[in-house]
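Below is one structure, written out as C-alpha cells; the observations come after it.
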Amino acid sequence: MVNDTASLPVLDPARDALRRHVLEHSLKTGDFTLKSGAKSSWFLDTKQTACRPEGIVFVADVALSIIPSNATAIGGLTMGADPVAFGIAAVGATRGRNLRSFSVRKEAKDHGVTGRLAGALRPGDKVVITEDTVTRGTSIMEAVDAVVAFGAEPVLITVIVDRGGTCAAMAADRGIPFVPMLTAPDLGFGYGT
C-alpha cells in the first residue's frame, strides 16, 4: 500500500480526499490475476469506496465538478457502475443537480421490462457513462453501445479510477470526452502494472 502520499502527484482538494479514501479502503496489494488474465501486484476494489457513505460523497464531489451541465442521466454496465451512478445521482439531487440513473444489464431481459436497460433513462438523454474502475475499457464501450442503441447520447465517460490508461483512446475514437476522477499514477502506480 502507498503510505507516503507526499510523493504522489498534487491533486485538487476534492480529488485528494477521494484518493485518500481509495488508498485506505479500496487498494489491495499482493499477487492478483486481473479480469484480462494479466498479473498485478495491486488490485482495486473501488466498490469499497463507492459503497461507503463518506466514500460516495467524495466520488460525487469530484464527479459533479466534471459532469457537463447538459447531462440528464448517469449509468453504466451493472454491477460496477451501479453504486457509482446511483450515489452520484442521489448526492447530486441534494445539491440541486438532477440526474436520472440507470443500469445496463449484461444480457437483455425477455420478460417484464425487456431489453438491456433498467432505470430512468429516456431516449434523447445526454448521458454520463460511469464505472468504478476501468482497465481495458471494453465494459465502458459496451455500455456506450447500449445507450446509443437506446437512442440516448453519451456526453462524458468518467470512472473512479482509470487503472489501465487505454480507455481514453477508445473514448476519443467514439468522440466522447473521458475524464477519470483518479488515475493509476495518482495512486502511485503505472498504467498496466
- Item | Per-residue HN-Hα couplings for the stretch 18-28 [Karplus 6.51, -1.76, 1.60; θ = phi - 60°; Hz; x = Gly/Pro] | 5, 4, 4, 5, 4, 4, 6, 10, 10, 8, 10
- Task: Just grab the label-to-label distance for Thr33 and Asn70, each label 7 Å out from Cα along the Cβ direction, in nm (one decimal).
- Result: 4.6 nm
- Specify whether the C-alpha gyration tensor of the stretch 1-121 places it in the rounded, prolate or oblate class, a ≥ b ≥ c being the square roots of the eigenvalues: rounded for a/c under 1.5, otherwise prolate if a/b is larger than b/c and oblate if not. oblate
- Task: Compute the long axis of helix 53-66 from its Cα atoms, compare it with the longest principal axis of the Cα atoms of the chain, and write down the angle in degrees, 0 to 90, nearest 10.
- Result: 70 degrees
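No lab work stands behind these numbers, since they all come straight from the coordinates. From a predicted model like this one, the values you see are computed outputs, not experimental measurements. Please note: Cβ atoms are built from the backbone with ideal geometry, for glycine as well, and neighbour counts cover all protein chains shown.
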